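A short reminder: the numbers here are calculations on the coordinates, not readings from a lab. Computed from a predicted model, the values in this text were never measured in an experiment. Note that we place each Cβ from the backbone using ideal geometry, even for glycine, and neighbour counts take in every protein chain shown.
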Amino acid sequence: MSTLKENAARAALAEVEDGMTLGLGSGSTSEAFLRLLAASGRDVQGVPTSDEVSGLATELGIPLTVPDEATVIDLAVDGADEADPRGDLIKGGGAALLREKIVASAARRFVVIADASKRVGQLGAFPLPVEVERFAWGLTVRRMREVLAEHGYAEAELTLRPAQGGFRLTDGGNYIVDLRLGRITDAAALDRALTMIPGVVGTGLFIGVADTIYFGTEAGAERQD
Ligand code: 5RP
């Protein structure tokens, strides 16, 4: 595990108190957090954002709870693929974007952990993952192309994310379409427009959701609020 990821994870661990319910993010930085959390012996319970994290947490002895209407998530901790100066994010490199967004949005506090390479001036170099219902996915992709062109992304490349023997399925059974945009000029407007398309289940744009980002460096972690 990289020192940078571990340093970011350690900074987030300092926010964890006994008795908390934690949203547990997905990806390698979140895995670093999970391992540090388990080693710390903190008395917490977790809400996992993917089947993979659910399995790892169980293996590490971190108790899990199934979220319902009464569940209060004190703190959600998760990684990111890109983070800009406003704290807006691209997530979903690991295909867990929908559950991650549900948990992060419900949490009282959402802390992002990422190595410093994820810090960008403007979002968009990382292909934007969009989760799409499998039924008639081709029609949804066609509508996405039209909406993208209306928003100034006529050159966007859309790719149905492959997996061994077919296409990648999310834990919810949907496809992922990765949008190569190059540069996102108005992330909030783009998120709204894509989310309005029937067939789009959710996007990897996390706008105004993050409270704090810890960027792991060789020396420790830099905090952005
Ligand atoms: C998964 C995610 C991950 O948090 C994101 O891809 C970052 O992963 P990593 O910590 O491995 O760089 O959004 O859907």
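For the stretch 194-210, does any single residue satisfy the condition of being more than 17 Å from the chain's Cα centre (by Cα) and loosely packed, with under 13 Cβ neighbours inside 10 Å?
yes
Is it true that some residue in the stretch 141-162 is away from the ligand (no atom under 16 Å from the Cβ) and surrounded by 22 or more Cβ atoms within 10 Å (Cβ to Cβ)? Walk me through how you get there before you give the answer.
As a first pass, look at the stretch 141-162 and keep what is away from the ligand (no atom under 16 Å from the Cβ): 141-160, 162.
From the residues that got through so far, the ones that are surrounded by 22 or more Cβ atoms within 10 Å (Cβ to Cβ) too are 144, 153.
Yes, that holds for at least one residue.
Just wondering, is there one or more residues in the stretch 52-62 that are within 11 Å of the ligand (Cβ to nearest atom) and touching a strand residue (DSSP E or B) at 6+ places or on another chain (Cβ under 7 Å)? Show your work before the answer.
Just the residues of the stretch 52-62 that are within 11 Å of the ligand (Cβ to nearest atom), to begin with: 52-53.
Next, from what is left, pick out any that are touching a strand residue (DSSP E or B) at 6+ places or on another chain (Cβ under 7 Å): 53.
Yes, that holds for at least one residue.
How about the stretch 19-33: which of its residues are of a type outside the set (S, T, N, Q), touching a helix residue (DSSP H, G or I) at 6+ places or on another chain (Cβ under 9 Å) and surrounded by fewer than 24 Cβ atoms within 10 Å (Cβ to Cβ)?
GLU31
Name the residue that is surrounded by the fewest Cβ atoms within 10 Å (Cβ to Cβ), counting only residues in the stretch 36-51 that are touching a strand residue (DSSP E or B) at 6+ places or on another chain (Cβ under 9 Å) and of a type in the set (A, V, I, L, M, F, W, C).
My answer is VAL44.
Would you mind stating whether ARG99 is crowded, with 16+ Cβ neighbours inside 10 Å and out of contact with any strand residue (DSSP E or B) (no Cβ under 7 Å at 6 or more places or on another chain)?
yes
Inside the stretch 1-75, counting only helices (runs of 4 or more DSSP H) that do not spill past its ends, which hold 1 or more residues that are without any contact (Cβ under 8 Å) to a residue 24 or more places away in the chain?
Qualifying helices (runs of 4 or more DSSP H): 28-40, 51-60.
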